[in-house]
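For reference, the structure is listed below as structure tokens.
The values are calculated or read from the model by the stated rules, or taken from the named source; none is laboratory data. Only a predicted model underlies this, so the values are computations on that prediction, with no experimental measurement involved. Backbone-built Cβ (ideal geometry, glycine too); neighbour counts: all protein chains shown. When the accessible area is computed, the model is the full protein with side chains, heavy atoms only, and any ligands, DNA or RNA have been set aside. Shrake-Rupley method; radii C 1.70, N 1.55, O 1.52, S 1.80 Å.
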Amino acid sequence: MDPKRKKLDCMKSLESESSDSTLSSPFPDEVLERVLSLVKSNKDRSSVSLVCKDWYNAERWSRTHVFIGNCYSVSPEIVVRRFPKIRSLTIKGKPRFSDFNLVPKNWGAEIHPWLVIFASAYPFLEELRLKRMTVTDESLEFLAMNFPNFNSLSLFSCDGFSTEGLASIAQHCKNLTELDIQENGMEDLKGSWLSCFPDNFSSLKLLNFASLHSDVCFSDLEKLVGRCKSLKVLKVNSHVTLDQLKRLLDLAPQLTDLGTGSFWQESAIHQLPELESTFGKSKNLLTLSGLWDASSLFLKVLYHACCNLTFLNLSYAAVRGVELDKFLAHCPKLQRLWLLDSVGDVGLEAVGSHCPLLEELRVFPTEPYDQDFHGVTELGFIAVSRGCPKLHYVLYFCQRMTNAAVTTIVQNCPNFTHFRLCIMNPHQPDYITNEPMDEAFGAVVKTCTKLQRLSVSGLLTDRTFEYIGKYAKNLETLSVAFAGKSDWGMKCMLSGCPRLRKLEIRDCPFGNAALLSGLDKYESMRSLWMSACNVTMKACKLLAKEMPRLNVEVMKEEDEGDYLKRNESDDDCQADKVYVYRTVAGRRRDAPPFVLTL
């Protein structure tokens, strides 16, 4: 029997047991709840709840935080019945490919229905962390007005709201300690939202509005930072000038996490000594980001603040290799580094020379659509792997790669848990041998036995997926684009990879047989995404019929909803975008016309 189904059946049997069940614990309820409150891992707590009825109930009453990886996998009513004492909630909404505009607008994932239910069930809610959810100003105002103890809001890649909603949070959340706004699609309808914090407000520990595209009132920001003596994290947007940044740092020398504004102003050149002195006092900094338009002239002022840095994010600074070399010489404790490929292989050689403790590297493209701009190559990647033996997470964008290079890299760093290699030109072979990149990813899954996440790219045949199915025993998330030759490749992934939870596929030749080969797999996974593949409505209908615990959604673009409805009965009609996920809530009630749930 499928392990996930076994867990579900076990849970149902526990719920239906009578009060005189023999499956009981020798420990008093109070002791169990106290012990379980110390267990932080969601996986461990889920396992604990399956031991016996007493443990199930103890885990139920002691749980204060819930993580929901798909907002349609469960309903708010079910969450409320299952966990009555939740104070912190993390919810993810749209599929990850919405970051690449592959999910139509107005698809769903609205937070408001959840808030309405929680207002009566969880009036003591303190924290809400949302990713890829639709959040309106009305929702933010409702949140601010109905949860008097609310203190922490994080919105990551959300849409639908404006600074009017932020103003409501600022005005009404008297105990707010965290306001974290990252990479959101929001409107700026009122530039003075920071003025809505009360004059006596001083509880903020984290403020991040780096993704806001317009000016804020600096005098309001300065007053707020001056009042909040416990502020540890401050990330401002690119409109904050160097002079303004200096004034903020003078008010908050206790910061551990700083996101700067623009790092270039001709008028600020004469202020370099003062800036250097101010940064020299910021000895507590562990994380540094922002640095828009940074140049070597201004990077120098940061040197004395870098001695304790563990995370450096230069993904908005087109730093060159020589500049990076000088900078990293002052960062001996660096563990995480995000860069643009403008650093070139010279910059990555500097990473290998100066960052022996590095665990995570992300290299983003400066010119993603310019195939003549090579940025970084396999040589820089190899240099990092030689100098950074602790490296276990990599996201690497490049124009070209070789099988031999990837083999060398994973031999140097065999403990990769996340390996995301993005060769930007689809179907790009090994540029030296002109062979497919099969052996590269074969080496990754054979060597890196702890691998949990993998993104493959380049010219790939089904052999890559045979390797993945055979060797990637701990893989949980797999992303595939422009790859494969036949249905056999997808069958290999689904028949292997026993821990696979998320499978994301786009622009691949996999068809009906490939989709249906996962009938025994999908209930143990969180989700499957397929777009621009060879799947038809017939296969989607059959999958939905055979797997009633799954939601099988077929979608067109927003303006093609009528087309989808008209062709619902056409079994040979192409299913352009298919999203399959397990759920205990049944068919969702808010599906727009361009989403057909089978």
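Quick look at the values:
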| read-out | value |
| --- | --- |
| Selection from segment 517-534 of residues that are of a type in the set (A, V, I, L, M, F, W, C), closer than 14 Å to Tyr579 by Cα and surrounded by fewer than 18 Cβ atoms within 10 Å (Cβ to Cβ) | Ala532 |
| Counted residues, segment 334-357 - those being of a type in the set (S, T, N, Q) and either open to solvent by 50 Å² or more (accessible area, probe 1.4 Å) or assigned to a strand (DSSP E or B) (or both) | 2 |
| Among (1) surrounded by fewer than 17 Cβ atoms within 10 Å (Cβ to Cβ); (2) part of a loop (DSSP other than H, G, I, E, B) - the single one Pro436 does not satisfy | (1) |
| The listed residue being of a type in the set (S, T, N, Q), open to solvent by 30 Å² or more (accessible area, probe 1.4 Å) and either under 19 Å from Val394 (Cα atoms) or in contact with a Cys (Cβ under 8 Å, 6 or more places away or on another chain) (or both), out of Thr461, Thr449 | Thr449 |
| Any hit, segment 501-518, residues being among the small types (Gly, Ala, Ser), within 16 Å of Tyr72 (Cα to Cα) and in a strand (DSSP E or B) | no |
| Subset of segment 296-333 [out of contact with any His (no Cβ under 8 Å at 6 or more places or on another chain), in a loop (DSSP other than H, G, I, E, B), open to solvent by less than 40 Å² (accessible area, probe 1.4 Å) and not β-branched (Val, Ile, Thr)] | Leu309, Leu314, Ser315, Ala317 |
| Test result for Ser517, modelled with pLDDT under 95 and among the polar types (S, T, N, Q) | no |
| Residue satisfying condition, being open to solvent by 40 Å² or more (accessible area, probe 1.4 Å) and under 20 Å from Gly165 (Cα atoms), within set Val116, Val135 | Val116 |
| Selection count where residues are more than 25 Å from Val580 (Cα to Cα) and touching an Asp or Glu at 6+ places or on another chain (Cβ under 9 Å), scope segment 84-120 | 3 |
| Filtered residues of segment 408-424 (kept if closer than 19 Å to Cys508 by Cβ and open to solvent by 40 Å² or more (accessible area, probe 1.4 Å)) | Met424 |
| The listed residue being polar (S, T, N, Q) and open to solvent by less than 30 Å² (accessible area, probe 1.4 Å), out of Ser37, Ser62 | Ser62 |
| Matching entry among Lys94, Lys105 (being assigned to a loop (DSSP other than H, G, I, E, B), modelled with pLDDT under 95 and either surrounded by fewer than 19 Cβ atoms within 10 Å (Cβ to Cβ) or not hydrophobic (A, V, I, L, M, F, W, C) (or both)) | Lys105 |
| Set Glu360, Glu367: member being more than 12 Å from Val319 (Cβ to Cβ), open to solvent by less than 30 Å² (accessible area, probe 1.4 Å) and charged (D, E, K, R) | Glu360 |
| Residue under evaluation Glu178, criteria (1) open to solvent by less than 30 Å² (accessible area, probe 1.4 Å); (2) in contact with a Ser or Thr (Cβ under 7 Å, 6 or more places away or on another chain), criterion not met | (1) |
| Condition met for Leu207 (buried (at least 20 other Cβ atoms within 10 Å of the Cβ) and either out of contact with any strand residue (DSSP E or B) (no Cβ under 7 Å at 6 or more places or on another chain) or touching a residue at least 60 places away in the same chain (Cβ under 8 Å) (or both)) | no |
| Count of segment 383-407 residues which are assigned to a strand (DSSP E or B), open to solvent by 20 Å² or more (accessible area, probe 1.4 Å) and out of contact with any helix residue (DSSP H, G or I) (no Cβ under 9 Å at 6 or more places or on another chain) | 1 |
| Which listed residue is more than 24 Å from the chain's Cα centre (by Cα), of a type in the set (Lys, Arg) and assigned to a loop (DSSP other than H, G, I, E, B), from Lys485, Lys538 | Lys485 |
| Selection status of Glu523, assigned to a helix (DSSP H, G or I), modelled with pLDDT under 95 and farther than 30 Å from Cys422 by Cα | no |
| Failed item, numbered, when Glu560 is tested on (1) surrounded by 15 or more Cβ atoms within 10 Å (Cβ to Cβ); (2) under 24 Å from Trp488 (Cβ atoms); (3) of a type in the set (D, E, K, R); (4) at pLDDT below 90 | (2) |
| Odd one out for Val74 among (1) open to solvent by less than 30 Å² (accessible area, probe 1.4 Å); (2) within 16 Å of the chain's Cα centre (by Cα) | (2) |
| Cβ pairs under 8 Å, 6+ apart, first in segment 577-596 and open to solvent by 10 Å² or more (accessible area, probe 1.4 Å), second of a type in the set (Phe, Trp, Tyr) and part of a loop (DSSP other than H, G, I, E, B) | Thr583/Tyr72; Ala585/Tyr72; Arg588/Tyr72; Pro592/Trp107 |
| Criterion (part of a helix (DSSP H, G or I), closer than 23 Å to Leu143 by Cβ and of a type outside the set (Gly, Ala, Ser)) met by exactly one of Leu179, Leu224, Leu249 | Leu224 |
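Every residue, every condition in (1) within 30 Å of Trp107 (Cβ to Cβ); (2) modelled with pLDDT under 70; (3) part of a strand (DSSP E or B); (4) touching an Asp or Glu at 6+ places or on another chain (Cβ under 7 Å), yes or no:
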| position | (1), (2), (3), (4) |
| --- | --- |
| Leu8 | yes, yes, no, no |
| Lys12 | no, yes, no, no |
| Thr22 | no, yes, no, no |
| Lys40 | no, yes, no, no |
| Ser47 | no, no, no, no |
| Asn57 | no, no, no, no |
| Phe67 | yes, no, yes, no |
| Ser73 | yes, no, no, no |
